Structures are given as structure tokens and as C-alpha cells.
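I have placed the structure first, in the form of C-alpha cells, so that the comments after it can refer back to it.
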2 protein chains.
Amino acid sequence: MALIVQKYGGTSVGDVERIKKVAERIKHTREEGNQLVVVVSARSGVTNELIARAEAVCANPSEREMDQLLSIGEQETIALTAMALHGIGVPAISYTGAQAGIVTDKAHTKARIHSINADALKRDLHAGNVIIVAGFQGIDSDGQTTTLGRGGSDLSAIAIAGAVKADKCEIYTDVDGVYTADPRVVKNARKIEEISYDEMLELASAGSKVMQSRSVEFAKKYDVVFEVRSSFNHNPGTIVKEEVASMEKVVVRGVAVDKNQAKVAVSNITDKPGSAAKVFRALADANIVVDMIVQNAGSNGVANLTFTVPANEVSKATRALEPVLKELGGTISSQDQVAKLSVVGVGMKTHSGVAATLFQALAEAGVNIDLISTSEIKITVAIEQAKADAAARAVHTAFGLDKA
Amino acid sequence: MALIVQKYGGTSVGDVERIKKVAERIKHTREEGNQLVVVVSARSGVTNELIARAEAVCANPSEREMDQLLSIGEQETIALTAMALHGIGVPAISYTGAQAGIVTDKAHTKARIHSINADALKRDLHAGNVIIVAGFQGIDSDGQTTTLGRGGSDLSAIAIAGAVKADKCEIYTDVDGVYTADPRVVKNARKIEEISYDEMLELASAGSKVMQSRSVEFAKKYDVVFEVRSSFNHNPGTIVKEEVASMEKVVVRGVAVDKNQAKVAVSNITDKPGSAAKVFRALADANIVVDMIVQNAGSNGVANLTFTVPANEVSKATRALEPVLKELGGTISSQDQVAKLSVVGVGMKTHSGVAATLFQALAEAGVNIDLISTSEIKITVAIEQAKADAAARAVHTAFGLDKA
């Protein structure tokens, strides 16, 4: 008998008919002889409705009250899911985040899980019940309701799987798993059977939207193996786990593209120690996430810095840098319509020639490379947005990722 | 500085515009120098929507899960009300039933309040906040969410007023207060300024629908004075309190009519000790609430019993009595289209002639009396339903209740 944690997202429990389908799937898994803890999100759309109502009564709702409000979305689905299970003869008990013992810090709307007291949950589980837990929410040490921020239900599932030492953790979503590239762009993309935490994290940071990074980080930290799979079919998904030696045989696990980027160039600033720090401190203080950074020291005591930011933050970045440029001199220019293309794979650590293969594939596809940055298991290039799809297809083929 | 508990029902907080109006009213009361604890219901209609969804996933939803589900209705309004107060510059904190320390027994969907731990609430109150508490809900000693059943938010407000020793408890609703008769029927009905708990209870049992009896009983038990008033105007309402001597000057406080009654007659049953008990035990076992009961012992060893039940329970009552009649002999007959008319007043205890005045008024109005029953402060008659409105007007005039 295995202990399985399943998580169903908002689309999977979007209405009463889908909730009944989820109940059937849970019943099926249970009848195969498994114990189940199921984490559910709010019905898709509910959170946005609640936010609209909050904004109708108050221009700037407090984060504490926002948590009090938003947590009802999941509380609805847990009760309905438990009832749907009762309706088909499966014993089930719903748990709010507080009842599940999910204790967080006090950072409303973006709380971090501090600990999980799973005693009650384990007791009800061993008594033969399926446990339905509200994702996305917890309780702080003062009894206040907290929420975990975007992707919070995935985090709830992975944290609970760790706390109850589950044999499996299945994250059900509306895609089949993690692909070697976006299948809408690269027709020959294949589903990845197994991927390491680090590869998954690099793919997420490179623009692949399957899961939020912090859920993967949490899984990595507590060594929780999980599978991303679809709630609309029974295909096996992608298993995310600690790196094993055999994973290194594949040089590149996947190709990710993020088209919503812009490039900002800061030219001819005074080149002295601390100049770059001032630039990036100003951006950080404005909460702008900078990604690729390239610096060229000039020959005449000036330096040039180029970096990418999300396209919608260009003007914010420009404004944030104005006072710095007054001090350091120099000029600022920006260019949107930029895409980032990344190849990710733990195999890079033991294979040479990855960069050469990448650059050659891009050259043959007529794609000019604007910026390059590398990590141990990732190479990212900034390219012209209009050529991003063709570039992704060429690179996918060059690394032998196309399906047979 | 007075401490005031206010309760707003589902109509008063029915949408975001009404919630903003309630917030203005709270702000106004606070600016008069008062501390406030505010109990709110779910937006009107929300509970029915949730019940419909529950019934769509499960034919017979469990009571525990129903409580888990229904409690989100109030959790929405507390957060929105607190936000609306923030929006107009009033510090406010929302509390679920659990956070407010409302501890109940474990009877899901009809829990009784066991105790209230108001420490946190008092602390936040004394720090200058308005406290917004979810009505209708509590938590049991195992941390399970419970709800208090119909009229539960009134009960929450009265229980909290008792726990914090409030100076005033105001129950806001969609009527102006308690009237001497239903103003839709009796044009000359007047609003009652003060009424005793017992009179209020007798009016409720006689069909006046302003509040559920158990909230009034709770207020009486813990000596909580409360006022029923409208959230749509600023008129003074009706104050409900312990009986004082001056109240006895008024013989009849009000006239109540319940038109949804039926009369059931059980004739010629064996007249021996225990016969009546068997009849009413059978009805109680079928959860049928019997109201007026009249017994005539026959001369030939048989007895006749007549009683009233809600009109929609006649066939259930008839079925429940079939086995008893097999044992005791006798026949059963029923008549619907029956109304109950009651006059209520603590003054009856010290005034004679009330029954005579009542019967004479009915006679002059051409109304035949079918059954009569009396309590210390109430006389009830069963009459023909079609004549109930005319009877109410005649009796209202006869007892001098018409407005000047």
C-alpha cells in the first residue's frame, strides 16, 4: 500500500462536473490499494472574482484581509470534493490549511511554510479516509490565516508529501508534463520522462511555465520526488527528482524560450569599483528582476553594461537609473522585441561542445546572437524576438531532442 | 465611551455597495465615541448558491462538510467589510468564528455555543480597532468548523455581547423593529418601543418572524439587552429586555397570526392512561412539532384529541399515527386552511377579562373560534384562515393597539 499525495489545480476542479471527475480519479487510485492525501486549488476564476470584489470596496486592500478573503476559494473546493467522494462511496474528510497543521510565517499573501503538524491528518488517513487539503493557505502562530502566493497549492502538496513521507506526489495540471520544448512551437517536442530539480529550476527561470520555482526548490530541499501530469488523461507525466548519474547521458534536457524580454544598455559610465553595484542596487530597490548581464570594460575609463528585463519593466528600469546616471555619467538605451533562448541539461557538466553546437545551430538558422550568459547546466542567448520560434526548432533538432 | 455590538443580516450586506453603506454606518457610530464589535451574515443568496453546488456533487452531503462549505459565506463578508472600513479610514480586523473564540458543541449544522474566549477580540478592540466577526459559525473542541443553524448570526451577536459585556447590542435587519401586528395586514400597527424576552418568545412561537426563538432565549438566559432595528434608515427600533413593572400596564403587547396551520382530529380512541402519550410520542418520533392541543374525554370510554400542526406536515402526521390508531382504535381526520391568532402581553398576568375581550372582538367580526389554548402571557385561538386578516384588525383595535 503506497501513500500518494495528489494535487489538482483550479482548471481541474473548475466546476461541479470536473470536481466529480476528480473524485472518480481519486476513487480509482484508492481502489488500486493506495492511501491518498489530495490538495486542491480554488475553482479557476474564483480568486479573480474575489479580488474584484475586494477592489470594489477598497482601493488598496490590506494583505491580512486579502488572505482572509482569498482562502475561501480553496475552502469551497475541499468541501465539494469531499462531498463528491461521499457521493460515490469513498470516505473523505476535508481540511483547511489550519486544520492540516500548515504553519507559516506571518508574511501575508506570500507566506513561507514553517512547519507541518500532520498528526490529525495521519490519524484520519490511517482510519481509512481520503484527506482533502486546501492548497495555497496556512495559519501563522497567532492563528491568522495566511496564503502562500502564486503557485502556492503546488507548494502545499510538496510540503505535505514531505511531512507525511509520501511514496509519490502527483501534481495534476492541464498539461501532460514537462516537454523538451513548447509543443505549440516545436512540433517535434517530446515529453521528458525524468528531470532533475536543477534542470526544472533552470527551465522555469528560462520561461517554461509549468511550475513556480519555489515549489521545485522546496522539493529539492526536502528531497520530495514528484510527478507533473494531466488531470484530463491517464498518460504518465514527468518525474522530477534528484539528479542521478544516468541523467548526464543527455546533454540537453530541454529548450526554453521567453519572448517577453527587453534589453537595456547603459553606456559610457565611469568605470570604477562600485559602478556596476550602484546600477544594480538601483534596479533592485525598484523591485526589477534583472536576468542576463554583460559588461564590457571600455578602453578609456568608461564601461558599458547591458542586461535584460521583462519587457513591461523597461520604463520603470529607465526611471530607476536616472539618478545613478547623473552621478556616473553615461547614457541609457533600450530595445524591446527581445527573446531569451536557453538550453538546459545536467549533461553539460560532463560534455564539451554544447556552446559550439548551440551557436552553430543558430548561425545556420540565420539567427544573430545579442547576449550570451551561462550557468553550470544552462546556456542562454538573447536573440531577436521574431526569430525565436525558428531558433527553438533549429536548436531542438541540433541537440537530438526531436521525437523519432 | 460605550461598547456596542452590531449585527447586520444578509440583505444589509447583500452586495459591495451595501457593504460600503454598512461601513459608513459603523464609522458614524464609532465617531460618536463608541467601541464596536460587528457581526455579519453571508451576502443574501450566497448560502443558497453553495447548497446548490453541494447538492450537485452529492445527493446527501455530510453535515461536517456542509459546515466547512457554508462557513465561507460569512468569511467573505467579514473580509470585505473590514476592507470597506479601511477604505474610509477606519481601523478594522476581521475574525472568523474560530478566531473570535466561539467554541461550540460538535452538532454540525445546528451547533450550540458552549463558550466564548474573547481575549484576542478584546485586545484588538482596546487597541482601537473595529472588530468584524463572522456570524453563524464556530469551532468545536477538535478544531472542526461548525455552524449554528437558522438565525445563527443573531445568536453570535447576542452571545458576543454577553461575553464582552457590551453596553448595547443592535440587531440590524430589513424591518424597523417589532410591531404590534404585521403592518402589511394591520395598517394601524405601531412599532413597539420595549418588549420583554417572554413576550418576544411568545410572539415568535405565534408566527411573528423577526427573530428565531433560540436567540431570544439565549439573550434572556444571559440577560443581554438588544435592539432590533433597520439598517436602511436611522429610526429607533424595538428594545428587547427583561420584564419591568411598567410593562404590565399594557395588557396586550401585540397580535400575531400564523396562517400556515392545519388541524388534525383523532376521534374515539380508547380512553385510558397513556393513550395521549402514545399519540404524541409517535408524532415527536416523526419530528413533527405539535402546537395547540385540546382533549375531550368522551362519556363512553373513548377520547377525542385535536391539535394543530404546520400545514405541510399533515400527511406526515397522519402516516405517523396509523400504527397508534391500530392499537387504540379511533379515526383520524384533518382540516387545512386553519390560522392561529395570538394575543401576547405580560400585562395578562395582572389583568382580567383578556379572554372575554378577545372572544367578543372575534364574535363581532363574525369569526368562529375552533380551538383555544392559553399560557400565562398568551391566548391563542385557531380560526378559519380566510378570516385571519380581518380578525387580526378587529383584535388589534379591541385591545387599544391602533396608533393614534
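For region A:63-158, give me every one of the strands (runs of 3 or more DSSP E) that falls completely inside it and has 1 or more residues that are away from chain B (no Cβ under 14 Å) and not hydroxyl-bearing (Ser, Thr, Tyr).
In region A:63-158, the matching strands (runs of 3 or more DSSP E) lie at A:113-116, A:137-139.
B:Thr96: farther than 16 Å from B:Ser71 by Cβ and either assigned by TED's automatic domain parsing to the domain that holds B:Gln75 or surrounded by 20 or more Cβ atoms within 10 Å (Cβ to Cβ) (or both), yes or no?
On the way: farther than 16 Å from B:Ser71 by Cβ: no; either assigned by TED's automatic domain parsing to the domain that holds B:Gln75 or surrounded by 20 or more Cβ atoms within 10 Å (Cβ to Cβ) (or both): yes.
No, not satisfied.
Going by the structure shown, is B:Ala127 in contact with a helix residue (DSSP H, G or I) (Cβ under 6 Å, 6 or more places away or on another chain) and without any contact (Cβ under 8 Å) to a residue 60 or more places away in the chain?
no
Based on this model, can you work out whether A:Val57 counts as within 14 Å of chain B (Cβ to nearest Cβ) and over 18 Å from B:Ala79 (Cβ atoms)? Don't jump to the end; show me each part of the working.
Details: within 14 Å of chain B (Cβ to nearest Cβ): yes; over 18 Å from B:Ala79 (Cβ atoms): no.
It is false that A:Val57 is within 14 Å of chain B (Cβ to nearest Cβ) and over 18 Å from B:Ala79 (Cβ atoms).
Using beta carbons and a limit of 6 Å, which pairs, at least six apart or on different chains, have the first residue in region A:295-307 and on the phi > 0 side of the Ramachandran plot and the second one at pLDDT 80 or above?
Going by the 6 Å Cβ cut-off, the qualifying pairs are A:Gly301/A:Asp271.
Tell me the residue from A:Glu199, A:Glu217, A:Glu193, A:Glu227 that is in contact (Cβ under 8 Å) with a residue 60 or more places away in the chain and not assigned by TED's automatic domain parsing to the domain that holds A:Val37, please.
One residue alone meets the criteria, A:Glu199.
Please specify each residue of region B:389-404 satisfying the condition of being surrounded by fewer than 19 Cβ atoms within 10 Å (Cβ to Cβ) and not hydrophobic (A, V, I, L, M, F, W, C).
Passing the criteria: B:Asp389, B:Thr397, B:Gly400, B:Asp402, B:Lys403.
Which members of region A:28-53 meet the condition of being within 13 Å of chain B (Cβ to nearest Cβ), outside any strand (DSSP E or B) and either β-branched (Val, Ile, Thr) or over 21 Å from B:Ile51 (Cα atoms) (or both)? Give the steps one after another, and end with the answer.
First, the residues of region A:28-53 that are within 13 Å of chain B (Cβ to nearest Cβ): A:40, A:42-43, A:46-47, A:49-53.
Narrowing further to those that are outside any strand (DSSP E or B): A:42-43, A:46-47, A:49-53.
Correct list: A:Val46, A:Thr47, A:Ile51, A:Ala52, A:Arg53.
Being more than 28 Å from A:Ile113 (Cβ to Cβ), surrounded by 20 or more Cβ atoms within 10 Å (Cβ to Cβ) and out of contact with any Phe, Trp or Tyr (no Cβ under 7 Å at 6 or more places or on another chain) narrows it down to one of A:Val252, A:Val186, so name that one.
After ruling out the rest, the residue left standing is A:Val186.
Go through region A:106-115 residue by residue and tally those that are surrounded by fewer than 20 Cβ atoms within 10 Å (Cβ to Cβ) and touching a residue at least 40 places away in the same chain (Cβ under 8 Å).
2
List the residue pairs whose Cβ atoms are under 7 Å apart, where the first residue sits in region A:320-331 and is under 13 Å from A:Val264 (Cα atoms), the second is assigned to a helix (DSSP H, G or I), and the two are 6 or more positions apart or on different chains.
From residues that are under 13 Å from A:Val264 (Cα atoms), the pairs are A:Ala320/A:Ala282; A:Ala320/A:Leu283; A:Leu321/A:Val279; A:Leu321/A:Ala282.
Quick grid of which residues meet (1) at pLDDT 85 or above; (2) of a type in the set (Asp, Glu); (3) in contact with a strand residue (DSSP E or B) (Cβ under 8 Å, 6 or more places away or on another chain); (4) under 16 Å from B:Leu325 (Cβ atoms):
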residue	(1), (2), (3), (4)
B:Asn268	yes, no, yes, yes
B:Lys272	no, no, no, yes
B:Ala277	yes, no, no, yes
B:Arg281	yes, no, no, yes
B:Ala286	yes, no, no, yes
B:Ala297	no, no, yes, no
B:Asn304	yes, no, yes, yes
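Please work out if B:Ile379 is free of Cβ contacts under 8 Å to residues at least 40 places away in the same chain, within 30 Å of B:Val244 (Cα to Cα) and assigned to a strand (DSSP E or B).
Criteria met by B:Ile379.
Can you name the residue in region B:1-27 that is among the hydroxyl-bearing types (Ser, Thr, Tyr) and assigned to a loop (DSSP other than H, G, I, E, B) and is also farthest from B:His234 (Cα to Cα) among such residues?
B:Thr11
For region B:359-388, name all the residues that are within 24 Å of the chain's Cα centre (by Cα), surrounded by fewer than 17 Cβ atoms within 10 Å (Cβ to Cβ) and of a type outside the set (A, V, I, L, M).
B:Thr374, B:Ser375, B:Glu376
The values are calculated or read from the model by the stated rules, or taken from the named source; none is laboratory data. All values reported here derive from a predicted model rather than from experimental measurement. Note: ideal-geometry Cβ built from the backbone for every residue, glycine included; neighbour counts use all protein chains shown.
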